[in-house]
Every structure is written in structure tokens, then in C-alpha cells.
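Student: Okay, handing you the structure first.
The values are calculated or read from the model by the stated rules, or taken from the named source; none is laboratory data. Please read all numbers here as calculations on a predicted model, not as lab measurements. Neighbour counts are summed over all protein chains in view; Cβ atoms, including those assigned to glycine, are modelled from backbone coordinates with ideal geometry.
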Amino acid sequence: MKILYSIQATGNGHIARAGELMPYLQQYGNVDVFLSGSNSNLQFDLPVKYRSKGVSLFYGNRGRLDYKKIYREFSFLRMWKEAKALPVENYDIVLNDFESITSLSCRLKGVPSVNFGHQASFHSKNTPLSPKRDWLGETILRNYATATAYVGLHFERYDSFIFNPVIKQDILNATPVDKGHVTVYLSHYSDEVVAAQLKKVKDVRFEVFSKKVQAPATDGNITFIPVSNKAFNESMIGCHGVITGAGFETPAEVLYMGKKLLCLPIKGQYEQLCNAAAITRFNVPVINSIDAGFNTNVENWLNGANPKRLELTHSTYGIVQYAVETARALMPANKAANKIITKEFA
């Protein structure tokens, strides 16, 4: 079976998840990857056959999206041409992790596809949304990468097609310990803004993951570390708590390990505001921005209770199996008759 797996690379989470899913997907046939976007900082080993600039998200220095840069980099004509050229019709199944060019290509060519990932969960009316509703934000979440069917991932199973997060094997296999430091990843803030406030927090060591540094560098109680999957996992496994945005993969892993978590949603990114609403159900504090009182918020968080732990109800294998079976059910009868999947859903 030929599988096209399209990944939105506007951040590290999609790439990290793809790396975990790939060995399971490859059990069902040959997998080609279409990678769209230019924001990921992780090194990856994926069978990338197609690449595109796609629609990338860019951030300023103080927690907000850089809309001017996003607009400058956007080209609908380029996306249209790429969608026409992408040979989705040559694949038996198409899995789409919130990638708009593949979605457009499938619509133009009448090819069925499955939106498989976190954003797919927002096609359920039961999925938590931000208390401050945003019509445009909700429209983008539900229409940016439409598909024939949806298999979602979220913190809780809000609907029958929504499953628990895919946790990296390194985290699943780890024995978490508390070495006392706090792991920080706030890519939507500059290092200078983050450091200025964390230096005010006394007697706490911070490991700040930075897109700018090439090697670890220490400044007072802060060690800046280059972004890498291995180093970040090691820091989280040994940390006392994590300060990060209101994304999906990292908060899920922190909650799975039972660590303390403090979230700062990216301003202007509606999905993160919705994630923040969901994550407060785990007793996780959410802060709007880094301001003059940020150090006090951090100290209060460190002295507060741990969040509710995230429980896994399905294995990664079981989730992939469900996604593949969902996609296979969409195949034309003449193709499906020649494709046999022997594994049973776990």
C-alpha cells in the first residue's frame, strides 16, 4: 500500500509526532512524506519526498504572531500550483496532519483523505474552545485543512474519533526524576525577554531552550541550550517543572510524567487559547504574557500543587491502526479489494 503522509512543519510538535508514528505507518506499506512549512527547529529522519514553504507561522519577541512576516511569505498562487502538481491520486491513502496544500489537492482531484492529528479534534462540538470566542480563529481551525474524515488527538477523549496524545517513546520509557531545575521553551519570546524575568527568581535553575544559541551557555541561574529533541527530552525527564506555550505535544508529555506545568499561550493563535481552556481542567495555571510580575507568577506556581496527571487510554499502535483503517474505508472499491491489512485494532 502506498501512503502519503503530509505534515505541517510550523512547529516542532508535528515533526516530533511524525517521528513516533512513522515506524507504525511503515508496517502498512511505503510511506512518502510531504513536509510543509519552515518553522521546525528539530533534526528529523523522515522519508520526505515533497517539500513546500507552505504557510509558516512567525513570531515576534514578546509572545505574539508576526502577521506582517506571515503575509509577506504567503503566496496563494504558489500553493495552488503545488496543490495541482502534488500527485495525491497516486496513493492508496492520504493522511494529513493539518496541511493545507494536500487538503486543496485532494479537493481538486476528488481524492479522499484523513485529517489525522491534534487540529482534527476541533471538528467535534465537544472539544473545549476559548471562553473568548473568535469566529475567524474557529473558521481557520475547521477549514484550513479539510478532509473526508477526521482522527483527532487531544488531552481527553471528547468524542469517539478523538484519542489521547501520542507520547514519544523516550518519554514512555523514562523514569522521571526531580533534579530541581525548570525546563523552559518559549519560542514566541526572545531570550532576552525571558532571561530578564527568570533572573529575578531566586534559588531556581532554569534550562532555557533557544533557537539562537549554538552551544550551551550559562548566565547566572539560566543555562541556554540549543533546541534538540534529545536534549529537551532529557531536561524534561529530570526537571521539577516546565514553562512553555499552550501547544499540544509538550504539555501532554509534561502532564503524562506528572510534572508541574505553566503555560503561556501565543497571542493571536486561537488554537493555543483553546488548548489553554482544555488544560485548565488539569489544574494547570495559564498566564497571558511575560510582564513585570512574571517572576512572582513563577514563584507562586512553584509553590502550588501539581496538576492532574494525563492518562493514556490507547497505544500509539492502536491510534495508528484506527487512522489507517479509517483511511482504508475511504478507498475506492477496486483499490480496497487488493489491499489486505492483517492487524487488528488494539
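Student: When you go through (1) surrounded by 18 or more Cβ atoms within 10 Å (Cβ to Cβ); (2) without any contact (Cβ under 8 Å) to a residue 60 or more places away in the chain; (3) not hydroxyl-bearing (Ser, Thr, Tyr) one by one for residue 159, which number turns out not to apply?
Tutor: (1)
Student: Can you tell me which residue in region 154-195 is farthest from residue 225 (Cα to Cα), limited to those that are among the aliphatic types (A, V, I, L, M) and part of a strand (DSSP E or B)?
Tutor: 162
Student: What pairs can you find where one residue is in region 212-227 and under 24 Å from residue 202 (Cα atoms), the other is surrounded by 15 or more Cβ atoms within 10 Å (Cβ to Cβ) and of a type in the set (Ser, Thr, Tyr), and their Cβ atoms are less than 6 Å apart, with a gap of 6+ or different chains?
Tutor: Cβ pairs passing all conditions: 216/223; 224/210.
Student: Of all residues being of a type in the set (A, V, I, L, M) and closer than 22 Å to residue 17 by Cα in region 98-139, which is surrounded by the most Cβ atoms within 10 Å (Cβ to Cβ)? Just the residue, please.
Tutor: Only one residue fits best here, namely 101.
Student: Oh, and also: Starting from residues that are modelled with pLDDT under 90 and not in a helix (DSSP H, G or I), keep the ones in region 134-153 and report whichever is nearest to the chain's Cα centre (by Cα).
Tutor: Ranking the qualifying residues of region 134-153, first place goes to 144.
Student: Select from region 182-208 the residues that are in contact with a Phe, Trp or Tyr (Cβ under 7 Å, 6 or more places away or on another chain) and among the polar types (S, T, N, Q) and write down the one among them that is nearest to residue 170 (Cα to Cα).
Tutor: Within region 182-208, the match that is nearest to residue 170 (Cα to Cα) is 187.
Matching residues to (1) assigned by TED's automatic domain parsing to the domain that holds residue 16; (2) β-branched (Val, Ile, Thr); (3) part of a loop (DSSP other than H, G, I, E, B); (4) farther than 28 Å from residue 160 by Cβ:
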{"residue": "250", "(1), (2), (3), (4)": "no, yes, no, no"}
{"residue": "275", "(1), (2), (3), (4)": "no, no, no, no"}
{"residue": "291", "(1), (2), (3), (4)": "no, no, yes, yes"}
{"residue": "296", "(1), (2), (3), (4)": "no, yes, no, yes"}
{"residue": "308", "(1), (2), (3), (4)": "no, no, yes, no"}
{"residue": "320", "(1), (2), (3), (4)": "yes, yes, no, no"}
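Student: Which of the residues belonging to region 228-247 are of a type in the set (D, E, K, R) and at pLDDT 95 or above?
Tutor: 234
Student: Could you list all residues from region 209-260 that are in contact with a Phe, Trp or Tyr (Cβ under 7 Å, 6 or more places away or on another chain) and among the aromatic types (Phe, Trp, Tyr)?
Tutor: Once the filter is applied, which keeps residues that are in contact with a Phe, Trp or Tyr (Cβ under 7 Å, 6 or more places away or on another chain) and among the aromatic types (Phe, Trp, Tyr), region 209-260 yields 209, 232.
Student: If you don't mind, another one. Could you check region 277-289 and list, in sequence order, the residues that are touching a residue at least 60 places away in the same chain (Cβ under 8 Å) and in a helix (DSSP H, G or I)?
Tutor: Once the filter is applied, which keeps residues that are touching a residue at least 60 places away in the same chain (Cβ under 8 Å) and in a helix (DSSP H, G or I), region 277-289 yields 277, 278, 279, 281, 282.
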